[in-house]
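One structure is given below, encoded as structure tokens.
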Amino acid sequence: ILELLLARDVPLDETSLGGETALHGAAATGQISTLELLISLGSKIDVLDGAGTSPLALAAALAQTSAVKALWANGASLPVEDRCGRTPLFRATLEGHVDTMLALLAAPGVNVEACDAQGWTPLGAAAAKCRVGALNVLLDFGADLEAVDTRGQTSLILAASNRATATGEALLDAGAHV
């Protein structure tokens, strides 16, 4: 289909009703050759869709680790936030996509403490959503056990208030204060 669109001179960054570009589609589905072709033809790599999501953040949220790596290798900005202030690392953490998180954390300058609009860090999100694997990865990368959100809640409090026993236990084992 891409070849048909290009043959008809459809602009590379033409958007769907939801504001997604072809690059968003390729990133979401892990179509690496299409993604790289679009980038080579001049698609805007950090373009945001109607929800304020970049192709990199979309790939991270959908566990498209190869697309994350390809976008990063082609110059995508890792700290780009969506409208909720969530980075690609935050989005991968919310969904518990450990392999994608590790790919993002391999890039220089990724901030494990980057907060969303509620002041949640990725660790807080992992704790609240009971994503034990994601939580352990973040702890291995030095996430702050005692960081607080805009309401003064630590990751341990977020785990407890969401009845996320497994992440609460992991936080206590890691030395979180009660």
**Item:** Extension gain, E113 back to I32 (0.36 nm per residue minus Cα-Cα distance, nm)
**Value:** 26.2 nm
**Request:** Sketch the reach of a paramagnetic label on D144 as a point 7 Å from Cα along Cα-to-Cβ, and name the residues of segment 161-178 whose backbone nitrogen lies under 16 Å away.
**Result:** 176-177
**Message:** If each DSSP helix of 4+ residues adds -39,500 (n - 2.57) and the sum is divided by the residues in the chain, what number results at 222 nm, nearest 500 deg cm²/dmol?
**Reply:** -13000 deg cm²/dmol
**Request:** Apply the Karplus parameterisation 6.51 cos²θ - 1.76 cosθ + 1.60, with θ equal to phi minus 60°, to every residue of segment 129-142 and state each ³J(HN,Hα) to the nearest whole Hz, in sequence, with x for glycine and proline.
**Result:** 8, 6, 9, 4, x, 5, 4, 5, 4, 4, 5, 4, 9, x
**Probe 1.4 Å, protein heavy atoms only - accessible area per residue of segment 54-178 in square angstrom** = 44
**Item:** Label point distance in nm, L17-N74, each placed 7 Å from Cα along Cα→Cβ
**Value:** 2.7
**Asked** How much of the accessible area of the chain, probe 1.4 Å, is carbon plus sulfur, in whole percent?
**Response** 53
**Prompt:** For the chain, rounded, prolate or oblate, judged on the Cα gyration tensor with a ≥ b ≥ c (square roots of eigenvalues), a/c < 1.5 rounded, else prolate if a/b > b/c?
**Reply:** prolate
**Request:** Would you pull out the residues with amide H under 5 Å of W120's amide H, same chain only if 5 or more places away, H placed 1.01 Å from N?
**Result:** T150
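The values are calculated or read from the model by the stated rules, or taken from the named source; none is laboratory data. These figures come from a predicted structure and were not determined experimentally. Here the Cβ is made from the backbone with ideal geometry for all residues, glycine too, and neighbour counts use every protein chain on show. To get the accessible areas, we keep the full protein, side chains included, count just its heavy atoms, and leave off ligands, DNA and RNA. Shrake-Rupley method; radii C 1.70, N 1.55, O 1.52, S 1.80 Å.
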